[in-house]
Amino acid sequence: MIEIKNLSRDWKEFSLRIDLHVRKGEYFVILGPTASGKTLLLELIAGFYYSDGGSIVIDGRNVTDLPPEQRDVGFVYQDYSLFPHLNVEENIAFSLKLKKIPIDERMQKVKEIMDLLGISHLAHRYSITLSGGEQQRVALARAVVAAPRTLLLDEPLSALDNRTQNLLRDELKRIHHEAGLTTIHVTHDQTEAMMLADRIGVMMEGIIVQTGTPEEVFGKPISDEIASFVGVENILDGRIVSNTNDLATIDAGDGCLIDAVSSYTEGASVRICIRPEDVTITANNDPGRKSSARNCFPGVITRVTSLGAMVRLRIDCGFPLMVLITKRSANELGLGVGSGVVASFKATAVHLIKE
């Protein structure tokens with residue numbers, strides 16, 4: 001368990017102010033844009049820098065003023081930071097050697113972690129000869145081999161290609177499960193956060209602005225800024241005109257009425273948030289495919305952007321609506337600029353932020 005209270009650090013013109021609770025054995029992801037203070041927070045937890053105020057408690061032990069070697073944390077930077085003059089086995093054994101672990105015990109621990117990560121065949125190679133994915137596995141092994149209380153990961157997958165990222169995400173989840181380490185992983189990658197996290201803390205300008213499960217953070221952001229950052233591409237102004245049994249009808253302007261599940265009362269000004277993947281599309285000349293969703297709007301496609309296996313559509317429904325569908329669906333429907341469609345989404349897919 002990690003308890004961070006009133007932690008502060010001023011760095012040139014940047015100020016960090018953090019209160020955070022990470023549960024024991026949890027995989028906690030700090031998600032935020034570049035320069036939001038994510039790496040600085042990890043370095044404060046690790047003891048690479050001292051805070052200006054506040055406290056850091058790990059498993060009931062106050063480590064705020066302890067040097068890094070006494071905090072019992074493992075740290076993996078995005079650039080791996082392997083020792084080029086040591087081979088893989090020696091890199092992994094380095095921290096155990098500093099702790100004066102007997103050589104037989106040391107090499108047994110190194111063997112076990114190399115087996116766990118599938119890198120035993122690399123034992124006598126040097127880092128310059130390794131691929132990015134191999135280097136990352138070695139860096140992870142070096143951080144985990146000494147059985148730290150906490151594992152800190154700083155953008156560990158950002159320098160890797162997509163295929164290797166996918167493989168190592170699975171590795172991180174497996175190691176976390178098997179080792180039971182309390183883990184804090186910082187990233188700006190939303191897919192990474194959604195796939196790995198038990199909980200997410202969204203960090204902006206040195207502050208944790210929202211904490212919750214991936215479903216809560218991505219589905220129910222608490223501000224426009226967070227909504228935009230986590231991929232809510234449809235954010236509209238509206239006013240609630242009625243609410244019956246928590247089914248609200250919102251006037252989004254120009255005669256557009258949107259239904260949403262909400263407890264907000266009549267007259268409230270709101271921001272209407274709809275994720276692009278929550279919108280379904282049918283051709284407006286296909287009467288046999290009528291949607292059961294409460295919100296259905298005819299429109300015309302004004303832009304098509306290919307994203308590989310996915311396609312992003314911009315649809316003019318009297319209001320602009322961004323939609324994300326599979327390339328296969330777009331091809332089957334014969335969609336292109338100028339195509340008439342019906343865009344549908346459920347009332348439960350609409351998230352409201354009160355202004």
Could you give the angle, 0 to 90 degrees to the nearest 10, between helix 132-144's Cα long axis and the longest principal axis of the Cα atoms of the chain? 60
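How high is the FRET efficiency between ASP316 and ARG174 when r is their beta carbon distance and R₀ equals 45 Å, given to the nearest 0.05?
Values: r = 46 Å, r/R0 = 1.03.
Working from the Cβ atoms, E equals 0.45.
From the square roots a ≥ b ≥ c of the eigenvalues of the alpha-carbon gyration tensor of the stretch 145-268, which class results: rounded (a/c under 1.5), prolate (a/b over b/c), or oblate? Display every interim value, and only then the final one.
Values: a/c = 2.99, a/b = 2.56, b/c = 1.17.
Verdict is prolate for the stretch 145-268.
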Two-decimal Rg/Rh across the chain, once Rg and the Kirkwood Rh are taken from alpha-carbon atoms: 1.07
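Any idea what the dipole of the chain comes to, in debye rounded to 20, about its Cα centre with Lys/Arg Cβ at +1 and Asp/Glu Cβ at -1?
Values: 38 positive and 46 negative charges, 120 e Å.
Here the chain has a charge dipole of around 580 debye.
Suppose R0 equals 35 Å; then what is the FRET efficiency for LEU98 and GLU225 from their Cβ-Cβ distance, rounded to the nearest 0.05? Intermediate results must be reported in sequence, preceding the final value.
Values: r = 43 Å, r/R0 = 1.24.
After rounding, the FRET efficiency stands at 0.20.
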Measure nothing but the geometry: give the 0 to 90° angle between the long axis through the Cα atoms of 162-179 and the longest principal axis through the Cα atoms of the chain, rounded to 10°. 60
Helix 88-98: inclination vs the chain longest Cα principal axis, degrees, rounded to 10, gives 70
Rounded to whole Å, give me the distance from the Cα center of the stretch 155-208 to that of the stretch 314-355. 30
14 Å cut-off, amide nitrogen to a point 7 angstrom out along LYS24 Cα→Cβ, residues in the stretch 46-72: 58-61
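Just so you know, all these numbers are worked out from the coordinates, no wet-lab data involved. Given the structure is predicted, the values throughout are model-derived calculations rather than measurements. Neighbour counts run over all protein chains shown; Cβ positions are idealised from the backbone, glycine included.
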